[in-house]
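Trainee: Please read through the structure below; I'll follow up with questions.
We did not get these values from a lab; they are worked out from the coordinates using the rules stated. In this text, all values refer to a predicted model and were calculated from it rather than measured experimentally. Cβ placement follows ideal geometry from the backbone for every residue including glycine, while neighbour counts extend to all protein chains displayed.
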Amino acid sequence: MKSKHILPDLLLTFMKIGFFTFGGGYAMIAMIEDACVEKKKWITHDEMMNITVIAESTPGPIAINCATFTGYKQAGFIGALAATLGMILPSFLVIYLISMFLDNFLEITIIANAFKGIRIAVGLLILDAACTMIRKMHKKILPRTIMICSAILMLMINLFAWNFSSISLMLAAAAVSLTVFMIQNRSAGKGGNAQ
C-alpha cells in the first residue's frame, strides 16, 4: 500500500470529477485523463486508453470503471472502493436533492436553458477526449486504419440510418486487430524456427 494519504486523495479527486462533469462517462474521460494521467501520474496514457476500451466493452459506466481501475492500481481493493465511491457519491447526492425538492426540475426555464448550454459543452468534452486519444495513439498503420474505417462506418450508419450496432462494430475492429496480431506472431515464429 502506498501513502496513507492516497485514499482521501482518490476519494476527493474523483468526487471533484463527479461533481463538475455533466454528460456521462465519455464527457468525464478528458477530466479523468487530466487528473489521473497528467497531474497525479497515477496511470499512464496507454493504461488510460486500455481501460477506456475495456470499460466500454464491459458492463457499467465507463467513468466508474476507470475510477475503479485507477483506485485499485494505487491502493488495491480499498483504493478501488474509495475511487468508485468518489465517482458515484456526487451524482447520487445531486439526484437525491433534486428529487426531494423539485418535482418538475427540467420545466424550470432557467434550468432548461442551462442544460441546452451544458449539452454543447458535453459534446466539446467528448471531442476533446477523442482528439487527445488520437494524438497520443501509437503511430502505427493498423490502429489508425481501424480508427479511420470505424469513424467512416459510424458516420455512414448514422447518415443512412442503418440498423447496425456500435457493439458489432467494436467486435469487428477487435477481430481484425486480433487476426493481424495472430498472423504477425505466426510469421515471426516461422522466421525464428527457420534460423
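Trainee: Considering only lysines 8 or more places apart in sequence, or on different chains, count the pairs in the chain whose C-alpha atoms sit under 22 Å apart.
Mentor: 21
Trainee: May I pose another question? Among 142-155, 49-62, 30-43, 6-19, how do they line up by average Cβ neighbours within 10 Å per residue, starting with the highest?
Mentor: In descending order of packing, they fall as 6-19, 30-43, 49-62, 142-155.
Trainee: Hey, fewest Cβ within 10 Å first, where do E47, E107 land in order?
Mentor: E107, E47
Trainee: Let me ask something else. Which listed residue (I29, A188, V176) has the Cα farthest towards the positive end of the charge dipole for the chain, taking +1 on Lys and Arg C-beta and -1 on Asp and Glu C-beta about the Cα centre?
Mentor: A188
Trainee: Report which label in [x] 24.0, 69; [y] 20.3, 75; [z] 16.7, 49 holds the value of Rg and Dmax of the Cα atoms in Å derived from the coordinates of this structure.
Mentor: Evaluating Rg and Dmax of the Cα atoms in Å on these atoms matches [y].
Trainee: Here's another thing I want to ask about it. Using the Kyte-Doolittle scale, which helices in the chain average at least -1.0 and also have C-alpha atoms spread 20 Å or more along the helix axis, with helices defined as whole DSSP H runs?
Mentor: What comes out of the filter, once short or polar helices are dropped, is 6-20, 62-101, 109-136, 141-160, 166-194.
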